[in-house]
Each structure stands twice: as C-alpha cells, then as structure tokens.
1. How big is the B-A contact in terms of buried accessible area, both chains counted, 1.4 Å probe, rounded to the nearest 100 Å²?
2. Quick one: which residues, 5 or more positions from B:I113 or on another chain, have an amide H under 5 Å from its amide H? H modelled 1.01 Å from N in the peptide plane, none for Pro or chain starts.
3. Do the sum for chain C: with -39,500 (n - 2.57) for every DSSP H run of n ≥ 4, divided by all residues, what is the mean residue ellipticity at 222 nm, to the nearest 500 deg cm²/dmol?
4. In the structure displayed, which of A:K148/A:K218; C:K334/C:K424; A:K218/A:K298; A:K157/A:K198 lie more than 29 Å apart, Cα to Cα?
5. Which residues does a label at C:V92 reach in the range C:39-68, if reach means a backbone N under 16 Å from a point 7 Å past the Cα toward the Cβ?
6. Rounded, prolate or oblate: which one fits the range C:306-425, using the alpha carbon gyration tensor with axes a ≥ b ≥ c (rounded when a/c is under 1.5, else prolate when a/b beats b/c, else oblate)?
7. Write down the percent of antiparallel bridges among all DSSP beta bridges whose residues are both part of the range B:3-199, to the nearest 5.
8. Taking a cut-off of 12 Å between Cα atoms, list the aspartates and glutamates near A:K273, but don't count ones fewer than 8 places away on the same chain.
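The values are calculated or read from the model by the stated rules, or taken from the named source; none is laboratory data. All figures in this text were calculated on a predicted structure; none of them were measured in a lab. Heads up, the Cβs are rebuilt from the backbone with ideal geometry, glycines too, and the neighbour counts pull from every protein chain shown. All accessible areas refer to the heavy atoms of the entire protein, side chains included, with ligands and DNA or RNA removed. Shrake-Rupley method; radii C 1.70, N 1.55, O 1.52, S 1.80 Å.
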Amino acid sequence: MTTILDLPVEEYMLPGNRSCAGCGLGIGLRYILKALDGKCIMVVPASCLTVLGGMYPVSSVRVPWINSVFPGTAAVASGVSIGLKALNKENDYTVLAMAGDGGTVDIGIQGLSGASERNQNFLYICYDNEAYMNTGTQRSGATPRGVKTTTTPLEGKRHNPKDMPKIMEAHNIPYVATACVAYPIDLYDKVKKAKDIKGLRYIHLLVPCPSGWQYDPKDTVNIGQLAVETGAFILYEVENGELRLTGRSRRIAMGGKLKSIDEYLNLQNRFLKFTPEEIEEYQKEINQRWEILVKRDKSLQKEEN
Amino acid sequence: MDENEVRLFFRNFKEVDLIQIRWHGRGGQGAVTAGRILATAGYLSGYIGATSAPFFGAERRGAPVIATTKLSSQPIRDLSQIISPNIVVVLDHTLFKSIDVTQGLSNGGWLIINTPDIINPSPKFNIVYVNATKIATDLGLVYAGVPLVNTPMLGTLLHVLPKIDLSSMHKALEYFFSPTALAKNFDAISQVFREARVIPLNNSVIKG
Amino acid sequence: MKTILEKGPKTETQKNPKSYPSGTHIITGNQATAIGAYLSGVQVVAAYPITPQSPVVEELARFIESGELNAEFVHVESEHSAMSVCIGASIVGARVFTATSANGLAYMCEQLHWASGSRLPIVMACVNRAMAAPWSVQNDQQDSMSQRDAGWIQLFCRNNQEILDTVIQAFKIAEKVYLPVMVCYDGYILSHTVMPVEVPNAKDVQDFIPPYVPHTPIDLKKPVNINPVTLPDPRQNADGIVCHGYLEHKYLHHTALRESFPVIEEIDNEFKERFGRSCGGLCSTYKFDDAKIVVVCAGSISLLSSIAIDMLREVGIPAGLLTLRTYRPFPNEKLLQLLHDKKLIVTIDKSLSYGYQGPICVDLKSALFESSSDTLLIGYIAGLGGRDVKPYEIAEAVYETWDKYNKGKIVKRDLTEAKWINCKY
Ligand SMILES: Cc1ncc(C[n+]2csc(CCOP(=O)(O)OP(=O)(O)O)c2C)c(N)n1
Ligand code: SF4
Ligand SMILES: [Mg+2]
C-alpha cells in the first residue's frame, strides 16, 4: 500500500484557485492528478470544477483540460479517447472525464450509460457533493433524503438518492470504485489502479462542500471521515464483479464498529432536524447497506479465516 | 458644440440626483442582501428610484464580492455597472490588502469601513468606521462561525444618507427577516449607528 | 424502500393559497417572474436550475412547499425533461410554467418545437444569457434569438415590473391563441437586480385570466391520438372527413402566430384598464414622433437607450426610440407603419445571426423592404457575454451615424456589415 511518503512530489495543481474556502474538491483533484502523473486530458462539464479550473486566460491546473456542455461529458470523453485511438496516441494519455453528481446521475446519465455499454476507454470520476452546487445548492438525484436545498427549502428532499456506483456496476464495466477526499491515499491507489485498466473505469468520489452542506470550512476532512466512519459513505472497489471494501471501511469491517449517524448529521446544517425515530430509521438503512456490502466482500472472510 | 465637446458631454452626462453605492465584502458575508435592504429602505424613505445588483457572475464563499445600490428621486434607467460611486462600504477590512476598494470613488465621496482599528483621516474622502464584527458577535449574529456584519453596517449609512432614518430601516427589514431575527438585526443597526465614528474631510472626528 | 419522509403528508398544508401580499415590493426580476406565475394560478411547475434562472425555481419551490401556492413542483433531471413534463401536463389541461436560460433553452430545443407544434399554452421565462462556448453566465440575448424559429410567441421585458405583468399577460395570450409564450428578460441586469415592482391583488389577476380549456380534451369516449405520424398530404379519417396534411398543420400554426398581433395588443390594453400599466403591446416608443433617427432594440437596453436619446436631444439631434416588445411573431406591418418616414434607423442587437447581422437588424430590414421611402438602417451589436453597455456608447453610435449621414458619408459597408459597440479587438 502507498504511504504518504511514496506520493510523487510533482504538483499538477497550481497554488490558488477559485473554489470556496475549505472546498474538498481541490484536495481530491490534487491526488488524482498525482496518480495519473499529470499525463491526462481532462474533460469537464459545467460544475464547480469548471470554476476551480480558472477563468480565461488563467488556469489553476497544469494538464490539458477540455470543457464540455453539462449533459455531454461521457460522450465528449468518448470522442477524445476514440480520436486518440484513430491517431495511434491512445497510450500517451489517460482520458479523465470528471463531472459532478448532477452532471453524472441526472443530466449526464444517458451519455455515461451509452459510453459504459460501449466500454469506451476512459476514466470517469463523479465527484459527489450531493447537490447542484455551482448553481447554488439545488437538489440533485444524489442528494440524500432529508437535506434542505434551495429547491427543497423547508421540508428537505423527500426521495432517496440514486446508488450510482451500483448502477455503474450493472453496466459490467471493468472497474467501479468509491472514494472520499478525506482519505486521499485510498483515492490515490484507486486512480493508480484504474489508470492501468483498459475500458471504462468509474470512481465515485465523495466531496464534502462547506457552502452547500453548511458547516465550518475547517471541518471538511473531519466530515469526510465521519461520512465513512458512520457508514453513510462506504469505501470499496469492484473488479470483474468482485467487491472489496478498502481503506477505513475495510478496517471497520475487520474489527471496528460504525459510529452513530447523528454525529455526522449534527455537524451539518443542511439536514432537517430529525426526530429520534427518523434517525433510528436512517441508521437502520445504513446498517442494512453496510451488511450487504460486507457480506459481498469474499476477501474479508478469507482474511478472517 | 464640436465633436469632441459632444463626446465629452455624453460621457459626463449624469442623471440628476443619482446616488451610487458600492459594497465590498466576501462571498457569504451578505453584501448582496445589505444592498437590497438599503434599496428597500431608500424606496420607503422617498427615493422613487431604488435598485440593487450583485456583481454579475459566480460568487464563492470567502472570495471578494461586489454589490451595488442606486438611489434617486426618479426611476432608475441606467442599469449598467457603477464606475464612479459616491459611497463605498467595506464589510471586511482585510479586503484592503487584495483589492482597490476606493477605485472610482469620487473625491469628497464617502468611505465606510468595518474595522477593529482606528482609521486615520483621508485627504480625499469622508470616512465612517465602526467595529461591526464585534457588535454582531456580541449580539449573537453569527452563522456557521461567521459574524453577520452586512445588516449591522446599514447603520453607518444613516450618517451619510440623512433622508433614510431608523424607522424606514426597520420597515425595510420586515421584508427580509422573521420577527426574532428582525429584532436582533435592528438592534445591531442601531448600535452601529450609535458607535460609528465619522471623520469628515476637514479631519475633525465626530462621534456618531 | 418507503421511508417516513416519503410516506408523510406535506408537513404544512395550504396556508393561504394564492395571496401574495399586494403592494410595492423591491424585488428582482426572478422574483417578479415567480410571483407572476404564482398569481396566475400555475398548477404544475417543472424546471431545472441554471444560472441566472435558478432563483425563479427556488422561489416557486418555496411557495409550493410552504403551501402558499397550491401546485405541483417536479424536480426534473434536465431541461429536456422540464419541457417534456410541461407538455404532458398541459395536454391534460393543467396550467404549466417553466423557466430556463442559455444552454438549458438549447437543450430543450427539440421540445420547444413539440410544444408549439402541439399548440400548447405553456409559459416559459427565458432569462437571457450568452450561449457557450466559451462559457459565460452573463447576459446577452443569443439564447432566445436562436430559438426565434421554434414557433413560440416571444415577448421581451424592459424592467421587473414588465416581467411580472408580462408573465400574467402571457398566460392569457397563450391560452387564447393556443401557442406557447416565452417571456424573455436580461439575465443579471434584471434577473438579479432589485427595483420597485407593484404586485397586483391575487383575486384581480385570477379574474383577469379565464380558466384554461385544452383544445383537445382527453376523453375516453372520444379517444384521440395526439401528434401521430402525419403525411405530407391531407387524408380522410374514418368518418370520411378530409383532415390536414403536415403542411396544413404548419400553415395553421404559422397563421395562429400571425393572427395573435391583435390579441397581444388587446390583452395589454385590457391589462392597462384593469391594473393601470401597459407593457407596450407589440412595441413602444419614446420621443418618437418628431424623431428623424430612431434606435430600435429589445429588453432592458431600452432603458439605457432612453438616456442616450435624452443626451442626443440635448445636443440637438432629433433622435427617438422604438422598443420591440413582441419579437415573434414579428410585427412587420406595425413597424413599417411607424418607421417608413424615418430617415435613419440604428438597431442595437445583443445577439448575432452569425455570418450575417443582428436578428433585429435583419428582420427589420426585411420589414422595411416594402417601404417606398429611402430609410437607411445601420445594425450595431453590443453587450455580448455581459459586456457592460453605457448610455454614452449608444449616444456616440447614433451621433456618429447621424453625422455621417448629414455629410453624405454613409457607404454600402455601413449598411451591410454588423458594427460593433466597444469591441476591443
Ligand atoms: C443544459 C444545461 N443545464 C443547466 C446548466 C446549468 N448548470 C451548470 S453547473 C450546474 C450544476 C452542476 O452540478 P453538479 O454536476 O452536481 O456539480 P457541482 O456544481 O455540484 O460541483 C448546472 C445546473 C447547464 N450549464 N447546462
Ligand atoms: S460550492 Fe462546494 S463544491 Fe463548489 S466550490 Fe464551493 S465548497 Fe467547493
Ligand atoms: Mg454536485
């Protein structure tokens, strides 16, 4: 396993960018670009990432970057990768499509599904801040139930979010993983692994967002860790149908215990004030999903034996 | 008039009675809301023309942002951006390090600052300053760790725009806040009004 | 998996349906839009966020969640779906509303044609924003202008009051002529700028707009297949009646647009009688009658231009202003009647028919083609991608044109090529 000392010293993100103070996105991108050794072409739709990338004629990232329309990320990335193939340059770069949750699970899902079915050769990273942040925190298909957004201002979102990694798994692509910016080494390892796989690789990256989740900007890492430690977000990867818990989630499965969910909910002003009954139900759902994933991880049982 | 005179006439053409106010703050500090409340209070005090606009573009928490307010005795037709304000309000004194807040401020204009420090007189501008951060914190006007200074700072403008008084400010706040939040914000405005120090161009400090 | 939150009824029931407090409010254009839709008794809202439209959606979501407005809000996953939901709901007889901008409008494009071809009275706010690439969230009018051929009525607003009033009028127009109406207003300049707006009494608005009756009711006893494949030529139905071919349907669609001029004017007049304000019907004028040189534009730039006209008058130039409120259908006859005896026209377009000139410019040219007079028309492009336009820049453009004209120096190129205000290239 990689340790912090093994990380490449080369930086591909320049100091200073236009994201909010305390934004988790910059942390994530920094390690992603390190894992790809900067040898990538980014495809980015309208999102907070567009803003982070800088305003013409200034850029905050030292890699080629192609902006895309909001719904078209996966299709533009398909074009980039197939164009490189046509020119015999496929092995020179990793094509990195990176879109927000709205751009992935909502308006972009059709193009992504098509590209997955064709097993197009690129790495798709959905960075999930659980709402449309760039337009001012409207609810998305990835927003958790009970979250107040500007389009669910009083009652909170009434529907459950889509399980996007599971949807991607159903496309039978070679690699599906989840990651969280609060665990950058785990993210780094996954991107590194994905880099060497051919075909469509999907990573679902949880990115805490102080502005939209309404918490003190200093707490980004803390909140990301709590998401994993409470099981609200689970770290795993799926290769050829085999699921494996990783990082902190794996360690919890092997002998720890999930923290109680209210620790995570209470730190953020975006959640409705739940009744104890509702919290219990939330907890039950989380436990169920946790058990399903732990059970699916055959390697855990082997290690235990 | 020859051609050059005509051009100069066009460029200097001003609609009568137009007061232009520019707000400087950081994303999340509420400069936009303050501008809107001022427009509302202005309208309620008899300015028939009252508009307020944010800086046009993405606003990020912590990044410098601009909002503008225009007041006039006639409906406002010029919705273009403010180039030469009469009044500049600075919600966060640390902005002085990164941007030129007085850009375009006419000589004899008003510079209003939220600052913990004593401010020296300026040879060009009238100055009003107050420690609104402390007042907001003391009154518990804090959200997600950030003291809310936007509304309190409206108290400083009462020194500069005598047509607007505390009661129209109160009426304006009713459009923006629930009764409890209104009371707190109004207290803060009143306190800022009382504690603000006014340094007119002739250097003599007037305690507000 | 059903959950507590999903099962539960709406936490707050209808508190005070459709009773937004009347009186003067200092509000943004986006708030004016939302209040206009609210007062008009909209029943279904389906919209997707995009800058600078998002606050419209947020405001309506809040009205609906709080129970103030008794309507359904659909949080769709794209603009294509937003318009699709509007189409479905409008077909079954609901009063529907949506709003969008720029790329969102473009993403709806397929459904824009479907909505108008189906003759559905959908009302949509288009908060005008520049089209990418490259990205810009700021104002120009390229988005609506690019959709001028989609078969919708397009109305442009000068200020926030007109936005509110036009949204209300739009429902009445749409439901009378069975055509969708796009209410266009400048992003940021109006959408995010507060100004005084008179909010009418809800009851008066509801009296003003009669209930919506769909042209083809859904009826199990008389089932209809709506918008199936239609052949080029007319064809007999089962009862032996000859029904329209595709071409006749399109003829009727177009005729409906052309016949909506008096309806748009009448409804604006009626609105004036009832509420004391007019939005200008098809178009409005300022210092016009004795003007020899006329500025023609649409949207909020009209306000700036009126200042320019004042400046020009002060230096003795007989300038006037004509503001297009109705852009589609294009009121060519009205314009011809108003403009045929003017010497010079200066159009200011905040968009471009790339490869030719500004849309207002070229449409006006074609309208004046029938004129026997020798009016000259010079087309300016301004404010693309949010470039700030100042009144003096418009005054200078008009001044230069007038000066050139009087010196006999206007050349062919001036008349055939787009001229740019404040282009630093
Ligand atoms: C067709 C279209 N519709 C809407 C938009 C407006 N838009 C730009 S960014 C954005 C939100 C992006 O949300 P997400 O993908 O979750 O990324 P985030 O901003 O949260 O990082 C939206 C709605 C657009 N650019 N194009
Ligand atoms: S809104 Fe959230 S995700 Fe976007 S830049 Fe700000 S903190 Fe980051
Ligand atoms: Mg998002």
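1. Buried area (both sides, nearest 100 Å²): 800 Å².
2. Those qualifying (amide H under 5 Å, at least 5 residues apart or on another chain) are B:V90, B:V128, B:Y129, B:V130.
3. Mean residue ellipticity at 222 nm (helix-derived): -11500 deg cm²/dmol.
4. Violating the 29 Å Cα-Cα cut-off are C:K334/C:K424; A:K218/A:K298; A:K157/A:K198.
5. Hits in the range C:39-68 for C:V92 at 16 Å: C:43-46.
6. Cα axes put the range C:306-425 in the rounded bin.
7. 60 percent
8. Candidates past the 8-residue exclusion: A:E155, A:D262.
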